Amino acid sequence: MDGAPCPAARERAVIPLWDERTYGSPARPGGSTRRPVPVVTLLLMAACIVVFFAVQPTRITTRHLLTPGLQLVDRDDLEFTTRNAAIPCELVQGRPLSEHEFRATFFGDDPSACTDRAGRPHNRGKVVYLGLLYSMFLHGSPEHLFGNLLFLWVFGNDIEERWGRVRYLLLYLVGGVVATLAHVVTDVHSTVPLVGASGAIAAVMGAYLVCFPANRVKTIVFWGPLQLRKVKAAWLLGIWLATQLLLIPGGSGIAWAAHVGGFVFGAVWGLVWRLRHRPRPDHGRPAVPDPTPATDPGPTATPLPA
């Protein structure tokens, strides 16, 4: 999830391609390749693709820089994004941006134009809290979209198989909301829309770290010369998290708090899930005798009275 619709790949030092448990590969050495189809993961990916190519008006790109960190093509993109996406100022104030805040942000280069004075709303009738859901399915460019979908595919299908479809979907949706709120807490005066599924996907990645830390992931590594290596999930996700923390001091236009907040939420949820589903030890339980005798002596003869 980005504070601006710009390519998400620029904040990534690593790009995963597939892992040892990717759908279609054996779940265990010598095991069957038949695994459940990751229905929820595929539906989430399809929803993001349909929204980007069929719903968003002109598909935001980087051809025109309108404000610092907010890249839009034309007025249609601007209106669509502000009408549907989550905006920290709106969530804190509980109302749509006023006309003054809208103009100060997008035509006055002030990304923190939030005020306590509610003037004439720019998007009258907008239910600002629905933006928490809508933002998860909006993206800023093809690179932003497909980068997010790649991460979702690599890490999501395993969590879906392990946790089940309902728990996995709840992790995604609730994690996305928590990620957005984490960004809001760190920038309550921001009037810039948030778009992208990165926060929700970060929650899935946090859960993956807890559930599959030793899995090896085929990864493109951008440190030094370009490399294609197998990296343990714990190292890979640790590097990814570190790159998010490095964004804190700079004005990258990336909602780093959403990524970190979503990741931490997913890791905590994953830890709780593991603790609740770990095998219970049998120590201290009395042994239950086997009611079946070792040998069957057969029927015995009873003496008859003379």
Taking the condition in contact with a Leu (Cβ under 8 Å, 6 or more places away or on another chain), buried (at least 24 other Cβ atoms within 10 Å of the Cβ) and part of a helix (DSSP H, G or I), does Gly175 pass? no
Any chance the stretch 224-241 includes a residue that's at pLDDT below 90 and either closer than 30 Å to Gln93 by Cα or touching a Gly at 6+ places or on another chain (Cβ under 6 Å) (or both)? no
One residue is enough: does the stretch 123-132 have a residue meeting the conditions in contact (Cβ under 8 Å) with a residue 24 or more places away in the chain, within 20 Å of Gln244 (Cβ to Cβ) and surrounded by 22 or more Cβ atoms within 10 Å (Cβ to Cβ)? no
I'm told Leu209 meets every condition in (1) surrounded by fewer than 24 Cβ atoms within 10 Å (Cβ to Cβ); (2) more than 16 Å from the chain's Cα centre (by Cα); (3) closer than 27 Å to Arg276 by Cα except one. Can you identify the failing condition by its number? (2)
List the number of the failed condition for Ala214; all other conditions in (1) out of contact with any Pro (no Cβ under 7 Å at 6 or more places or on another chain); (2) assigned to a helix (DSSP H, G or I) hold. (2)
Unique match (being at pLDDT 95 or above and out of contact with any strand residue (DSSP E or B) (no Cβ under 9 Å at 6 or more places or on another chain)) among Val178, Val210: Val178
Subset of the stretch 94-117 that is within 27 Å of Val178 (Cβ to Cβ) and small (Gly, Ala, Ser) - its residue that is surrounded by the fewest Cβ atoms within 10 Å (Cβ to Cβ): Gly94
Which one is modelled with the highest pLDDT, of the residues in the stretch 1-58 that are touching a helix residue (DSSP H, G or I) at 6+ places or on another chain (Cβ under 9 Å) and of a type in the set (Ser, Thr, Tyr)? Thr41
Does any residue in the stretch 97-121 that is under 19 Å from Ala85 (Cα atoms) and at pLDDT 90 or above come within less than 9 Å, Cβ to Cβ, of a residue that is of a type in the set (A, V, I, L, M, F, W, C) and loosely packed, with under 15 Cβ neighbours inside 10 Å six or more places away or on a different chain, and which pairs are these? Ser98/Ala118; Cys114/Val188
Criterion (in contact (Cβ under 8 Å) with a residue 12 or more places away in the chain, aliphatic (A, V, I, L, M), part of a helix (DSSP H, G or I) and buried (at least 16 other Cβ atoms within 10 Å of the Cβ)) met by exactly one of Val231, Val204, Val192: Val204
Exactly one condition in (1) out of contact with any Pro (no Cβ under 7 Å at 6 or more places or on another chain); (2) at pLDDT below 90 is false for Gly164; which is it? (2)
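Table: residues versus (1) over 25 Å from Asn215 (Cβ atoms); (2) out of contact with any helix residue (DSSP H, G or I) (no Cβ under 6 Å at 6 or more places or on another chain); (3) hydrophobic (A, V, I, L, M, F, W, C).
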{"residue": "Thr81", "(1), (2), (3)": "yes, yes, no"}
{"residue": "Ala85", "(1), (2), (3)": "yes, no, yes"}
{"residue": "Pro88", "(1), (2), (3)": "yes, no, no"}
{"residue": "Ser98", "(1), (2), (3)": "yes, yes, no"}
{"residue": "Pro121", "(1), (2), (3)": "yes, yes, no"}
{"residue": "Tyr129", "(1), (2), (3)": "yes, yes, no"}
{"residue": "Leu150", "(1), (2), (3)": "no, yes, yes"}
For the stretch 192-231, which residues satisfy the criterion of being more than 23 Å from Leu169 (Cβ to Cβ) and hydroxyl-bearing (Ser, Thr, Tyr)? Thr219
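The values are calculated or read from the model by the stated rules, or taken from the named source; none is laboratory data. Since the model is a prediction, treat every value here as computed from it, not as a measurement. So basically every Cβ, Gly included, is an ideal-geometry build from the backbone, and we count neighbours across all protein chains shown.
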